[in-house]
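The structure under discussion appears below in the form of structure tokens.
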Ligand code: ADP
């Protein structure tokens with residue numbers, strides 16, 4: 001069974017506390033016991049001084065037996081807890097409480113088991129007036145043992161109580177600390193695709209829990225934006241797909257309703273059907289391309305390729321289109337022949353979109369130019385310029401959005417899908433390139449694609465590199 005965080009925290013805290021309290025209590029008990037014995041020992045030392053003093057003062061004058069009798073009645077010497085032996089081990093005096101103790105007690109302080117309780121003994125050998133005496137003084141440890149026993153019991157009994165109280169407090173505190181997370185869990189459970197605008201509550205605690213809630217809300221915001229984009233895309237796509245289908249249907253219905261159908265009327269209807277099917281095919285292909293880019297399955301097979309060649313090749317491809325509109329097409333290499341790390345086919349697709357738009361939105365007699373150069377930061381730049389209808393600042397801000405068209409009917413009439421520049425931006429982003437537009441209404445537009453210096457390299461000027469404008473001509 002997995003314990004909840006709250007219980008785990010309380011248990012861990014209690015286990016640590018148990019170790020700490022046990023260590024402190026054992027240490028405390030040992031220290032108190034040592035202090036008590038220290039007091040007892042000092043008292044024994046004081047008594048010893050009195051006994052020695054008495055023996056020294058009286059034994060020469062009265063002789064031993066009298067001195068012993070004197071000692072035996074002296075309450076300050078506690079005679080029942082006193083043993084005096086002569087140098088050769090004869091017992092000169094033995095207190096009643098000391099009977100049965102071992103005859104040889106190591107010199108210094110020692111604790112031994114007495115008849116009823118423990119005894120603390122102080123044993124010394126002393127020479128008085130040329131005679132050697134062995135003195136053993138004892139103290140009954142009954143009171144001290146009782147106190148220490150009481151202390152030990154108190155510690156033992158208080159430990160579970162303290163532990164239970166601390167475990168309870170830890171459980172309560174961790175519960176309080178985790179309460180915002182519990183709230184987040186409940187809030188997160190109620191969020192689904194229909195309620196993506198909902199957010200989890202953010203506790204203003206300034207700690208990791210607040211950070212977690214804010215991060216979670218940030219993630220929800222991004223998901224909501226992604227969902228919104230997807231919804232917009234689906235709505236726009238269905239709208240775009242519906243128009244050609246409606247046109248096809250209308251063309252067929254009109255042709256069938258014709259009272260006296262002629263070959264020309266059928267042909268006209270079929271041509272419309274064909275045109276709209278082609279539009280739909282193009283639209284679906286573009287949508288598929290964007291879907292692939294979104295899913296990240298669109299990988300680029302990059303190689304070092306010449307930017308000039310790539311642009312010139314694509315210009316050659318759109319030349320018939322430009323010629324049909326009487327638009328002159330130029331390539332300006334400014335002498336530079338940079339190479340870029342790019343996918344050949346995707347790069348051509350990017351130029352094709354930009355060149356196709358430039359031709360599409362430029363009136364007959366206009367000019368479209370493609371230019372290649374390297375900037376001061378070592379970036380290879382490809383530009384497509386036209387003298388077309390241009391864009392206002394507001395329009396220019398949206399042209400890379402999917403299905404955006406500055407002039408819907410014009411774009412449709414030109415066979416546009418509103419997805420070309422979105423695809424161009426995806427291709428640029430796969431190549432870590434930046435795509436920008438500078439445009440003026442009725443003057444023209446300039447689309448600038450700059451590749452990062454890490455993907456660009458200059459190639460030495462070739463002998464026949466031509467820095468001048470070259471018009472692309474049909475061969
Ligand atoms: P479309 O298929 O409509 O051309 P794009 O995504 O390629 O779709 O372009 C989006 C819109 O940007 C176009 O509808 C047009 O309004 C504007 N646009 C793109 N290129 C140019 C250009 N060279 N000159 C003026 N407007 C342009």
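The values are calculated or read from the model by the stated rules, or taken from the named source; none is laboratory data. Owing to the predicted nature of the structure, the values given are computational and were not obtained by experimental measurement. Methodologically, a virtual Cβ is constructed for each residue, glycine included, from the backbone with ideal geometry; neighbour enumeration extends over all protein chains shown.
In table form, for the structure just shown:
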item: Scope the range 314-339; condition crowded, with 18+ Cβ neighbours inside 10 Å and part of a helix (DSSP H, G or I); matching residues; result: 314, 315, 318, 319, 322
item: Qualifying residue in the range 242-262 (condition: touching a helix residue (DSSP H, G or I) at 6+ places or on another chain (Cβ under 9 Å), over 30 Å from residue 185 (Cα atoms) and not in a helix (DSSP H, G or I)); result: yes
item: Out of 173, 159, sole residue that is surrounded by fewer than 16 Cβ atoms within 10 Å (Cβ to Cβ), in contact with a helix residue (DSSP H, G or I) (Cβ under 7 Å, 6 or more places away or on another chain), not assigned by TED's automatic domain parsing to the domain that holds residue 50 and not in a loop (DSSP other than H, G, I, E, B); result: 159
item: Any hit, the range 373-384, residues being in a loop (DSSP other than H, G, I, E, B), touching a strand residue (DSSP E or B) at 6+ places or on another chain (Cβ under 7 Å) and either within 12 Å of the ligand (Cβ to nearest atom) or over 26 Å from residue 456 (Cβ atoms) (or both); result: no
item: Of all residues making up the range 278-313, the number that are in contact with a helix residue (DSSP H, G or I) (Cβ under 7 Å, 6 or more places away or on another chain) and part of a helix (DSSP H, G or I); result: 11
item: Filtered residues of the range 74-98 (kept if more than 19 Å from residue 125 (Cβ to Cβ) and surrounded by 12 or more Cβ atoms within 10 Å (Cβ to Cβ)); result: 74, 78, 79, 80, 97
item: The range 414-443, residues that are more than 10 Å from the ligand (Cβ to nearest atom) and more than 30 Å from residue 456 (Cα to Cα); result: 442, 443
item: Complete set of residues in the range 249-261 that are at pLDDT below 85 and surrounded by 10 or more Cβ atoms within 10 Å (Cβ to Cβ); result: 258, 261
item: Qualifying position, being under 30 Å from residue 230 (Cβ atoms), in contact with a helix residue (DSSP H, G or I) (Cβ under 9 Å, 6 or more places away or on another chain), modelled with pLDDT of 95 or more and not assigned by TED's automatic domain parsing to the domain that holds residue 246, among 353, 327; result: 353
item: Check on residue 71, modelled with pLDDT under 90, surrounded by fewer than 16 Cβ atoms within 10 Å (Cβ to Cβ) and over 30 Å from residue 149 (Cβ atoms); result: no
item: Sole exception among (1) within 11 Å of the ligand (Cβ to nearest atom); (2) surrounded by 19 or more Cβ atoms within 10 Å (Cβ to Cβ); (3) closer than 24 Å to residue 337 by Cα for residue 446, by number; result: (2)
item: Residue pairs meeting the criteria (Cβ under 6 Å; at least 6 apart or on separate chains; first within 17 Å of residue 394 (Cβ to Cβ) and at pLDDT 95 or above, in the range 423-448; second within 9 Å of the ligand (Cβ to nearest atom) and part of a helix (DSSP H, G or I)); result: 437/396; 439/396
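Here is a yes/no grid of residues against (1) crowded, with 17+ Cβ neighbours inside 10 Å; (2) in the same structural domain as residue 422 (by TED's automatic domain parsing); (3) closer than 16 Å to residue 450 by Cα; (4) over 48 Å from the mean Cα position of the chain (by Cα):
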| site | (1), (2), (3), (4) |
| --- | --- |
| 341 | yes, yes, yes, no |
| 358 | yes, yes, no, no |
| 368 | yes, yes, no, yes |
| 377 | no, yes, yes, no |
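For (1) over 27 Å from the mean Cα position of the chain (by Cα); (2) in the same structural domain as residue 36 (by TED's automatic domain parsing); (3) modelled with pLDDT under 90; (4) surrounded by 15 or more Cβ atoms within 10 Å (Cβ to Cβ), each residue gets a yes or a no:
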site	(1), (2), (3), (4)
136	yes, yes, no, yes
142	yes, yes, yes, no
146	yes, yes, no, no
149	yes, yes, no, no
179	no, no, yes, no
184	no, no, yes, yes
